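Every number in this text was worked out from the coordinates using simple rules, so none of it is lab data. Only a predicted model underlies this, so the values are computations on that prediction, with no experimental measurement involved. Here Cβ is always computed from backbone atoms with ideal geometry, including for glycine, and neighbour counts include all displayed protein chains.
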Amino acid sequence: MTREQKQLVKDTVPVLRENGVLLTTHFYERMLTHNPELKHVFNMGNQTNNKQQRALAMAVLAYAEHIEDPSVLMPVVNNIGHKHTSLDIRPEHYSIVGRHLIASIQEVLGDAASPALVDAWTVAYNQLAALMSGHEQKLYDQQINEKGGWTGWRPFIVRRKVKESAEITSFYLYPSDGGAVADYESGQFISLRLFLPEMNLLQPRQYSISCAPNGEYYRISVKKEANGTHPNGMISNRLHDHIEEGDSVEITAPAGTFVLKDSPSRAKIFISGGVGQTPLLSMVEKLSLADSESTGQILWIHGCRNEAVHAFKNRLSELTDSHKHLNQHIFYEQLDSADASVHTGVVELSLIKDEVLKDGADYYICGPAPFITKQYEYLKAEGVPSESIHYEEFGPASLSLN
C-alpha cells in the first residue's frame, strides 16, 4: 500500500467506530442475498443475534487502526484462523467477501466513498485476505500432517449418548471410516454440522471437546436450549431430540487457541459458568492423568442454577478424590437443602479469596460474556496480571479484555 492509501484507510477509523456495525450488517445482508449458498457456511444464529456483525466490525476497525503494521494483529489473526479452518473457510470465500465488502463501503458511505478511498480499501482488504488465508493454509497443513488428521468435513458415528444433567448430554464421536482420530490440545473445539429441515440449510456449530485426548474418540457435551426455535439453539436441540446412537454427523478437525499452557508447576484455577465448564473439564482430565508430584495446585470453581443442571458433578468428585492437589468449590443459585460443600448464589471469587489468589497462578475462565467479564475484572482488581488470565467466549468474539 502507498502512504496515501494507508492514510485514507486510517481516516475512516472515526466512521468505523461510529457506524461499523451498520456497515457490517449491510455487508452480510448483501452477501447472503447475492450468495445464498454461504448460508450453509455461516452460523445463521449469529446473524440473527448480531454477534457476527459486531465481531466483524471490531475486526475491521482494528485492522484500520493498525494498517501501518498489521503484524501486531497476529494473535487475533491466529484466533480467527482457527475459527475459519474449523468451518472449512477457503481462499475462494475471501474473494466473495471482498467483493461484497467493497460494494458495501460504497453503498453505505455514498458520496463520501471517493474512488481513491475505494481503491485504498480494496488494496487493504486484499492485503488482509492474503494474510488471513496464508495463515489458515499453515493451520490446514498442520491438521493434515497430524496422525489421523484431516481437513474439511469428515463423517463420525455417535457411539454413545449419555445424559449428564437435566440440560446437558454428551455425545461420543468415533470416525465412521474406522481410521485414527487426530490428537488435540485440551481446551480446543470441533465444528459439527447437521441439516436443519426448519431452515432447509446445513448449519455448523462449534463445540468444545469435553474430555482429555484419548486417541479413539471426541466427546462433546451439549446443552439443550430452552428457546429451541432460535437458530442458535436448533443444532443443539436437534442433537438432543433427533440424533441417536449409531447416527452419523460431520465434523472438522480440532481447532482453537484457548488451550492449557505448558506450566506443570504453576497453580491452575479453573472458573466456569454453566456449560462453559466443557473445555475446562478436558484440561482438568488431562492434568489428572499427569504425575501428581509434578503438578501444581488445581482449583475447580463452577457455578450453575442448581444440582439438577450440574453436569459432571460425580466426575469432578472422582478426580478430586484421586488427585491430591485438586480441590473444588461449587456455587448453586438455588440450593434445595443445606450442603456445606456448596455455596449459595452465583460465583463470587471474593468468598474464597485465599484459595483463588495464588502467586504465579494461571487462570482459565469460560462461560457467558457477563460471567467472564465479572471474574476477569475481579482478578485484575486483585493484582493478577492480564497475561495470566485466559478466557474463552463461545461464539464470535465480543470481549476484548486482555
Worksheet item: Counting other C-beta atoms within 10 Å, which of Val347, Val9 has the fewest, and how do the rest follow?
Response: Val9, Val347
Item to complete: Output the Kirkwood hydrodynamic radius of segment 292-347, Cα pairs only, in Å rounded to one decimal.
Response: 12.1
Discussion item. As a test of the formula, what do you get for the chain when each DSSP H run with n ≥ 4 contributes -39,500 (n - 2.57) and the sum is divided by the residue count, at 222 nm and rounded to the nearest 500 deg cm²/dmol?
Written reply: -13500 deg cm²/dmol
Item to complete: Under 17 Å Cα to Cα from Lys6, which aspartates and glutamates show up? Leave out anything in the same chain fewer than 8 places away.
Response: Glu65, Glu68, Asp69, Asp119
Item to complete: Evaluate the charge dipole of the chain about its Cα centre and quote only its size in Debye, nearest 20, assuming +1 on the Cβ of each Lys and Arg and -1 on the Cβ of each Asp and Glu.
Response: 360
Worksheet item: Given that compact globular proteins tend to follow 2.2 N^0.38 Å, what is the ratio of the alpha-carbon Rg of segment 164-299 to that value?
Response: 1.13
Response to the item:
Cα gyration tensor of the chain diagonalised, 5x eigenvalues square-rooted, in angstrom largest first, produces semi-axes 37, 25, 21
Discussion item. Once each part is reduced to its C-alpha centroid, what is the distance from segment 1-77 to segment 299-359 in angstrom?
Written reply: 40
Worksheet item: What ranking of Glu333, Glu387 emerges when the number of other C-beta atoms within 10 Å of each C-beta is taken as an exposure proxy, fewest first?
Response: Glu387, Glu333
Worksheet, complete the sentence: Square roots of five times the C-alpha gyration tensor eigenvalues of segment 61-199, ordered largest first and given in whole Å, equal 38, 19, 14
Worksheet entry | Beta bridge orientation in the chain: antiparallel %, DSSP, nearest 5 | 55
Practice prompt. Please determine, in degrees from 0 to 90 and to the nearest 10, the orientation of helix 74-86 with respect to the longest principal axis defined by the Cα atoms of the chain, where the helix direction is its Cα long axis.
Written response: 80
Worksheet item: Counting only pairs 8 or more places apart or on different chains, how many lysine pairs in segment 37-155 have C-alpha atoms closer than 17 Å?
Response: 5
Worksheet item: What ranking do Phe394, Phe195 get, fewest neighbouring Cβ atoms within 10 angstrom at the top?
Response: Phe195, Phe394
Discussion item. Taking 10 °C and 1.306 mPa s as the conditions, I'd like the Stokes-Einstein D for segment 3-145 in µm²/s, using the Kirkwood hydrodynamic radius from alpha carbon pairs.
Written reply: 101
Discussion item. Net charge within 12 Å of Cys366 by Cβ-Cβ distance, Lys/Arg positive one each and Asp/Glu negative one each, not counting Cys366 itself?
Written reply: -2
